[in-house]
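*Asks:* The structure's right below; bear with me while I get my questions together.
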Amino acid sequence: MIYITGDTHGDINRFFDVGALDTKLTENDTLIICGDFGFVWFDESNLVGFNQDNDELDRLSHKPYTILFVDGNHENHDRLSKFPEVEKYGSTVHKIRENIYHLERGRIYTIEGKTFFTFGGAYSIDKYMRQEGISWWSGEIPNDEEYKRGIQAIKNADYKVDYIITHTCPSEIIKMYLHHIPDPHDGELTGFFDYLMYDVDFKCWFFGHWHTDDYLKVPMRGRTKKFRALLFDVVNIKEYEEVKNDEY
């Protein structure tokens, strides 16, 4: 079974405390995290932090289930890009541990027979309080190659996937449903998501970043499209398999 949750921000307690997000997950399950995984943060320039990251990743590697994540804006993108790329779920992933994989931007994966378009990244409004290469990385913003890859993947899928997994979300969702003002620095990314929102057929779009748990129903071109904002909630994707297109 596939489960999806929001930002974990390197908080190991989310996985091990009483009432942890994964209490019932088994070796037959997959947990997808919508960005800001947060356990790939330090590099060798900070050996204490680097070793702590590795220790916590090793602890997570003993979980019976598979952990997948898109990247958010609180990741060390330089370090993330150095993990080996392997073929999995019908495309390319970064292998972090035997059961932990980074889902790359602009890919379509087939997991348990369902197709997922993934596109991580977001702009950090706190970047000026962070230090480049130490606590902030320019790779948080997608590059042209990733956009082109994503557009081509969607075209190849005939503009239809089962689910979309991102960190942030379309600018129209930010304005109309989350009641925030979209940051212009994020405009290319959230604008790209606007294009996907209108042109791609999907059952539900899952995202994190906004630190809220909410169901969103968006009327669009004669139908209702579904979005799920996630932080702490852990949703069973089965919920979205059993509803009709315009129900929730």
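All of the numbers you see were taken from the coordinates with simple rules; none came from a lab. Since this is a predicted model, take the numbers as computed values, not measurements. All Cβ positions, glycine included, derive from the backbone under ideal geometry; neighbour counts span all protein chains shown.
*Asks:* At a 10 Å Cβ-Cβ cut-off, how would you order Tyr195, Tyr123, fewest neighbours first?
*Replies:* Working: Tyr195 12, Tyr123 19.
Result, fewest neighbours first: Tyr195, Tyr123.
*Asks:* So what does the Cα-only Debye profile of the stretch 141-195 read at q = 0.20 Å⁻¹, as log10 I(q)/I(0), no solvent term?
*Replies:* Ignoring solvent entirely, the Cα scatterers give -0.79.
*Asks:* Still on this model: Before anything else, pin down the relative contact order of the stretch 2-241: Cα pairs under 8 Å, at least 6 apart, normalised by residue count, whole percent.
*Replies:* Values: 494 pairs, mean separation 50.6, N = 240.
Across the stretch 2-241, relative contact order equals 21 percent.
*Asks:* May I ask for the percentage of alpha-carbon pairs in the chain that lie more than 34 Å from each other? Before the final figure, lay out the partial values.
*Replies:* Details: 3374 of 30628 pairs.
Value for the chain: 11 percent of Cα pairs lie more than 34 Å apart.
*Asks:* With 10 angstrom as the radius, rank Asp78, Asp58, Asp43, Asp162 by how many other C-beta atoms surround their C-beta, starting from the fewest.
*Replies:* Details: Asp78 13, Asp58 10, Asp43 16, Asp162 19.
Going from least to most buried by this count: Asp58, Asp78, Asp43, Asp162.
*Asks:* Using only the Cα atoms, what convex hull volume per residue in Å³ does the stretch 104-248 have? Don't skip to the answer; put the middle values down first.
*Replies:* Values: hull volume 17.9 nm³, N = 145.
Given the Cα convex hull of the stretch 104-248, per-residue volume reads 123 Å³.
*Asks:* Along the stretch 91-107, what does the Karplus equation 6.51 cos²θ - 1.76 cosθ + 1.60 (θ = phi - 60°) give for ³J(HN,Hα), rounded to whole Hz, x for Gly and Pro?
*Replies:* 7, 10, 10, 8, 8, 8, 8, 4, 10, 10, 9, 8, 7, 6, 6, x, 10
*Asks:* Tell me, Leu80, Leu57 in order of fewest to most beta-carbon neighbours within 10 Å?
*Replies:* Numbers: Leu80 20, Leu57 17.
Ranked by crowding around the Cβ, least crowded first: Leu57, Leu80.
*Asks:* Rounded to the nearest 500, what is the chain's calculated 222 nm mean residue ellipticity when only DSSP H runs of at least 4 contribute -39500 (n - 2.57) each, over all residues?
*Replies:* Numbers: 7 runs with 59 residues, N = 248.
Taking each H run of at least 4 residues, the total per residue is -6500 deg cm²/dmol.
*Asks:* Sticking with this one: Which length gain, in nm to one decimal place, applies between Glu241 and His180 when the Cα-Cα distance is subtracted from 0.36 nm times their residue separation?
*Replies:* On the way: separation 61, 0.36 × 61 = 21.96 nm, distance 3.00 nm.
Working it through step by step, the gained length comes to 19.0 nm.
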